[in-house]
Amino acid sequence: DQQVKQNSPSLSVQEGRISILNCDYTNSMFDYFLWYKKYPAEGPTFLISISSIKDKNEDGRFTVFLNKSAKHLSLHIVPSQPGDSAVYFCAAKERNNDMRFGAGTRLTVKP
Amino acid sequence: EAQVTQNPRYLITVTGKKLTVTCSQNMNHEYMSWYRQDPGLGLRQIYYSMNVEVTDKGDVPEGYKVSRKEKRNFPLILESPSPNQTSLYFCASSPYGGRGAVYSNQPQHFGDGTRLSIL
């Protein structure tokens, strides 16, 4: 049973536009959420995180939004750049528990 | 340079031939874990370790073994590999983290992956 779901396997956007990647979760005990970015032939790298006590966290071009009532997480990238093309994994964890990952969304940013 | 190193990066082998994938980190992290990545399933945890000589099963431990004799190393052992273990494997580490830790919200650092093909 996948507790973290990324329902869009792929997303394509134009350079300079906004990319919005979505993630839904089912476990209401999750209290910390992360986004990882993965390039081909490399391991995932940490991108941004958010605690359940917040609803927004921003880091440069990347903003993560958390809607606890909807159990929904999203990552906004503005403006999108070709170098952002990668697979993005959403992850969630309970306090003192291990991480659960979504299946990933492949983002393609076209020049 | 802080890193998690996995070896080998690629391996093609046959059913039943024991293999070991090594993982080493140079960040003095307590927590280490192994994941496998399969299409449509994302990253699923196989085993994890909170510290030396402490290991526990993740979500998909069947057919795998691990050991943690030293803090920096966390090898993944497939005693009798089968074709359903063909996958992309990642080792990861983080400071603290996992059950019982005080500071558990630390991002994990991943290795570059090992692609295993079991024929």
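What the table shows:
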item	result
Solvent-accessible area per residue, Å², over chain B with all protein chains present [probe radius 1.4 Å]	48 Å²
FRET E, pair B:A2, A:K68, Förster distance 25 Å, beta-carbon r, rounded to 0.05	0.15
Student exercise, segment A:40-111 dipole from Lys, Arg, Asp, Glu Cβ charges, in Debye to nearest 20	240 debye
Order of exposure, largest accessible area first, which applies to B:E70, A:E42, B:E53 with probe 1.4 Å	B:E53, B:E70, A:E42
Antiparallel DSSP beta bridges within the protein assembly as shown, as percent of all bridges there, nearest 5	90 percent
Most mobile listed residue (B:G40, B:G63, B:G16) in chain B, GNM with C-alpha springs under 10 Å	B:G40
Exposure ranking of A:H76, B:H109 by accessible area [1.4 Å probe, largest first]	B:H109, A:H76
Mean separation of Cα contacts under 8 Å, 6 or more apart, over the residue count of chain A: relative contact order %	37 percent
For segment A:63-111, accessible area per residue (1.4 Å probe, heavy atoms of protein chains only), Å²	38 Å²
DSSP bridge pairs, chain A: antiparallel proportion in percent, nearest 5	90 percent
Estimated Rh, segment A:30-111: Kirkwood, alpha-carbon pairs, angstrom	13.2 Å
Bridge type composition, chain B - antiparallel percent by DSSP, nearest 5	90 percent
Accessible-area order (highest first, 1.4 angstrom probe) of the listed residues B:I77, A:I53	A:I53, B:I77
Average silhouette area of the protein assembly as shown, convex hull of alpha-carbon atoms, in square nanometres	12.4 nm²
Whole-Å distance, taken between Cα centres, linking segment A:44-111 and segment B:19-40	22 Å
Most mobile listed residue (A:L21, A:L47, A:L34) in chain A, GNM with C-alpha springs under 10 Å	A:L47
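The values are calculated or read from the model by the stated rules, or taken from the named source; none is laboratory data. Just so you know, these numbers come straight off a predicted model, no measurement behind them. So basically every Cβ, Gly included, is an ideal-geometry build from the backbone, and we count neighbours across all protein chains shown. These accessible areas exclude ligands, DNA and RNA; they are computed on the full protein's heavy atoms, side chains included. Shrake-Rupley method; radii C 1.70, N 1.55, O 1.52, S 1.80 Å.
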